[in-house]
1. Please determine, by comparing only the residues of the range A:338-361 that are exposed (fewer than 15 other Cβ atoms within 10 Å of the Cβ), part of a helix (DSSP H, G or I) and not β-branched (V, I, T), which one is modelled with the lowest pLDDT.
2. Within the range A:185-207, can one find any residue that is more than 14 Å from every other protein chain (Cβ to nearest Cβ), crowded, with 20+ Cβ neighbours inside 10 Å and not small (G, A, S)?
3. List pairs: first in the range A:176-197 and without any contact (Cβ under 8 Å) to a residue 24 or more places away in the chain and over 25 Å from A:G45 (Cα atoms), second assigned to a loop (DSSP other than H, G, I, E, B) and among the polar types (S, T, N, Q), Cβ under 9 Å, 6+ apart or cross-chain?
4. Here is a list: A:L9, A:L42. Which entry is in contact (Cβ under 8 Å) with a residue 12 or more places away in the chain and either among the hydrophobic types (A, V, I, L, M, F, W, C) or in contact with a His (Cβ under 6 Å, 6 or more places away or on another chain) (or both)?
5. Conditions first: (1) within 30 Å of A:V152 (Cα to Cα); (2) basic (K, R); (3) modelled with pLDDT under 95. A:K228 passes all but one, so which condition is the exception?
6. Restricting to the range A:208-226, what's the tally of residues that are facing another protein chain (nearest Cβ under 9 Å) and either buried (at least 19 other Cβ atoms within 10 Å of the Cβ) or on the phi > 0 side of the Ramachandran plot (or both)?
7. Of all residues in the range A:142-198, which are of a type in the set (D, E, K, R) and either over 13 Å from the mean Cα position of the chain (by Cα) or not assigned by TED's automatic domain parsing to the domain that holds A:L50 (or both)?
8. If you take the residues of the range A:129-175 that are of a type in the set (S, T, Y) and more than 14 Å from chain B (Cβ to nearest Cβ), which of them is nearest to A:E214 (Cα to Cα)?
Amino acid sequence: MPPFTAKLLRIALPALGLGALYLLALHMHAQRDDIRQAAVALTPGCVEKLARYDLRPGEQYASPYVVQRTGAKIALRGYSEEDVRAIQRGCNIINDTQGTLAKDRGRERWHATRFIRGSHASCDHCHQGIGDKQDAAGNRLKGSLGLGASWVQADMYDRFTGLLLPYELRQMQCYINSSNGYKPNIADDVIRDVTAYSRFLSAALDLKIANHYEEQGIDEIAASDTLKQGDDYIRGEAIYKEKCIGCHGAQAFGTFANGQLVAPALAGPNAWNMQSRNYFYYVSTILPGFICRNMPLGQENTLTNQECRDIAYYIGNLPRPAGDKQGPLIALRQQILMSVLPPLVHLTHSDATRSPQAAESVALPESAD
Amino acid sequence: MTRARAATLAALAALAGFLLWAHLGSGVPVFHSEVVSEPGWDKFRSRYGIGHFGDDGQFVRAVQHGYNLFFHTYKYASRFTRRTAADRVNTCASCHTAEDLAYAFVNSDRFDPKLGRRVSFEDRVRWCYAASVDGFVPTIYDPAVRDLRILARAVAHHLQIGEGAQRTRN
């Protein structure tokens, strides 16, 4: 090959490669714009939630919830059609992160599963009521991880990370630890749409910036909030078998009914990892608080503080994935534990009659979800 | 004492000397966590009830840094502006009030038909650095952006406004 041709090829090939990447980026941007412009197919839960708060395009917005609760009609800035679609997409992501109800998971959920390991995690599992859990009378519930209240309290000092934690960064942590997955970019639509939905919730519920509301975060339960009998694995296992096993399964691997996830995994490869705040040995007050205020579904606030701590302690001792920062050795140890322990437990427990490896499929009452 | 050991000790002494100088004597903000108290801060703090968030703490320091950025932009965000003390428009406060900032914050992250995209509060701040004070665009994570957002939050809390609040002008 003549030297001139070789030199030309050395320049032209990288230039063509870069050009191809640029064209691909343009194509993907155009695809994202298409999705942003497209009408949103809401999940049944979001249809109900957003209709209740009367979300629609307009110059002004007044929340029916606020009118009903206070009698005052507060006129807030309205939402454009684009804003409404962003809020709708955010609601869908919270309610059905993995897109099991979507016709096209990728398009309708911004490929949110890119950021999640496993098939179980959905934001709604922890942020119940699609991030806005209320009782029948419309009262927001203490320690229910309300997203609107979280948004107005964002940017405060976070004792776990030592950061003034922005709302977007908090979402990233959920993807990394609670979903045992990967970090989306701060400007990714999957983050921004959830922020838009959370901000809308705060408007619909008339929440003021930086005020503390009871539904924000977890109502943590420390050992000092108990009779100090100590957290007990045996007691925790017994209560788990009585109260939790029906939904979460014999080894807490979660349950499916009719191909749909009914209750998420609390242990095993589909569960939160060892750097999640739900992990008892990382933070011992959060999971008990979540259990006491949010579990069992329909019977919230019926367990005692000690029972919640015992259950959390039991769950904390079940095998789960290592966190990303814990290194390959702990990751390997956890993988071995997740592979070896379930069959052993299956063999030794007389009531473990189903396959422990896969998510268990059980007949569940309608109220279980 | 061998030559190598002497060199090691000299290097360690130089490092320790640098750290002491940086922390105690340099006056460079990046080397210490305290925020410089600029004139007017105490009045601002009292007027907008910053004490609600505590006498001191990470959040309060961020608010104070936000105050410094807002009222002394050319001094505290000198990396992101070409404006100097000699210019007429050289701070955020040259164009905006603290209340403006709070209302902009609660009305941010909305679709802008002129730009054809959703615009966050941080986007607006970065735009101001680039255009209004003739400078450069900070990253979204930079304290020069974050602390203005936190200042806006603190003022919004004092005004007791929430998402989408509209300003009523008398």
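The values are calculated or read from the model by the stated rules, or taken from the named source; none is laboratory data. Because the structure is a prediction, the values reported are computed rather than measured. Here the Cβ positions follow ideal geometry from the backbone for every residue, glycine too, while neighbour counts run over all protein chains shown.
1. Here the answer is A:L347.
2. Checking the range A:185-207: not a single residue is more than 14 Å from every other protein chain (Cβ to nearest Cβ), crowded, with 20+ Cβ neighbours inside 10 Å and not small (G, A, S).
3. Partner pairs satisfying both residue conditions: A:A187/B:S120.
4. Every option except A:L42 fails the conditions.
5. Looking at each condition in turn, A:K228 falls short on (1).
6. Selection size over the range A:208-226: 2.
7. If the condition is that a residue be of a type in the set (D, E, K, R) and either over 13 Å from the mean Cα position of the chain (by Cα) or not assigned by TED's automatic domain parsing to the domain that holds A:L50 (or both), then A:K142, A:D155, A:D158, A:R159, A:E168, A:K183, A:D188, A:D189, A:R192, A:D193 are the ones that fit.
8. The selected residue is A:S144.
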